[in-house]
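These notes are about the structure you will find just below.
Just so you know, all these numbers are worked out from the coordinates, no wet-lab data involved. What you are looking at is a predicted structure, and each value in this text was computed from that prediction instead of being measured. Here the Cβ is made from the backbone with ideal geometry for all residues, glycine too, and neighbour counts use every protein chain on show.
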Amino acid sequence: MKRKILLIHAIICVFFALILLYQSRFAFLIWNIILALIPFDLSLLCRLFKARPWRYLIAAVWLLFFPNALYMITDFSHLSSIGVGLNTAFQFVEYAILAGGVFSGVGLGLASLFILYPLLISNHHHLINQTVTFSILSVCSSIAIYLGRFLRINSWDVFYQLQTTVNRVFSILNQPDFWIFVLAFSILQLGLMLVGYQLYLLLNQPLDIKN
C-alpha cells in the first residue's frame, strides 16, 4: 500500500516537471493539484486512526479542502486561451496538460471520498445512504466551488477571515446565477460520486469464479 501511495505522488511530481519543462500557460495546475492532494492525503491519514473522534476531526478538515479537487472541473474554462479547434501541435499539448490536470485533481478528490466514506458510514453499501450523503456533500461542494471560482474565497479564509467570508456568502444568496450553478454542479458531482463509488465497490469485492 505504501508503495502505491508513493507511486501516485511520484507520478504527480513527474506531471509537475513536464508542465514546468514545457513552460505551459497552465502552470497554475500545479497549485490546484497540490490542493487536491490535501483531501487525498487526509483520507489516507484517517485510515491510521481507529478511534471515531479522531476520524471525525480529520473528516471535518477534509471537508474544507475537498471542494478544491472538484473545483478543477471549472478549469476547463481556460480552454478559451488556446482555442477549441485543436489545429496545431501547441493546442494538442496544452489541451493534454489541461485535461490531465483536471482529471488528476478530480480523481484524487473522488478517491479521497471513496476512502473516507466507508470509514465513517457503517452501512456504506446501501444506495439510499450513498445518495443522501453524496447529495449533501455535492451541494456543499458546489457552493464552495462557486465561492472559489467567482468570489476567489479560499479554504483557509474560514480560519483567517471567517466574518468576511460569511458576509460574502450571504451577499450572493439572492443571485439567480448562484443557484443555477449550484444546481448544475450538484447534479454533476452527485453523478460522478455515485457512479464512481459503484465502480469502487465493484473493484474491491472478491471475484466470484465458478468452475
Report summary line: Distance in Å, no decimals, from the C-alpha centre of region 12-48 to the one of region 60-130 is 11
Query - Sequence-separation-based contact order of region 2-202, relative, with Cα cut under 8 Å and 6+ spacing, percent - result: 23
Query - Cα-based shape type of region 86-159, given that a ≥ b ≥ c are square roots of the gyration tensor eigenvalues and the cut on a/c is 1.5 - result: oblate
Query - Net charge, LEU147 excluded, C-beta distance under 12 Å - Lys, Arg +1, Asp, Glu -1 - result: +2
Query raised in the report: ³J(HN,Hα) across region 8-15 via Karplus (A = 6.51, B = -1.76, C = 1.60, θ = phi - 60°), whole Hz, x for Gly/Pro?
Result: 4, 5, 5, 4, 5, 5, 4, 4
Query raised in the report: If you place +1 on the Cβ of every Lys and Arg, -1 on the Cβ of every Asp and Glu, and leave all else neutral, what size is the dipole of region 2-202 about its Cα centre, to the nearest 20 Debye?
Result: 620
Query raised in the report: At 222 nm, what helix-only mean residue ellipticity would the chain give, in deg cm²/dmol to the nearest 500, using -39500 (n - 2.57) for each DSSP H run of four or more?
Result: -25500 deg cm²/dmol
Report task. Send over the semi-axes of the chain's equivalent ellipsoid, whole angstrom and largest first, taken as the square roots of 5 times the C-alpha gyration tensor eigenvalues. Result -> 28, 25, 18
Query - Cβ crowding within 10 Å averaged over residues, with 129-137, 141-149, 197-205 ranked highest first - result: 141-149, 129-137, 197-205
Query raised in the report: Taking the highest mean first, how do the peptides 112-119, 75-82 order by number of other beta carbon atoms within 10 angstrom per residue?
Result: 112-119, 75-82
Report summary line: PHE49 neighbourhood, Cβ < 15 Å, K/R = +1, D/E = -1, net charge +3
Requested in this report: Using the Karplus curve 6.51 cos²θ - 1.76 cosθ + 1.60 with θ = phi - 60°, work out ³J(HN,Hα) for each residue of region 87-98 in order, rounded to whole Hz, and write x for Gly and Pro.
Outcome: 10, 10, 4, 4, 5, 4, 5, 5, 5, 5, 5, 5
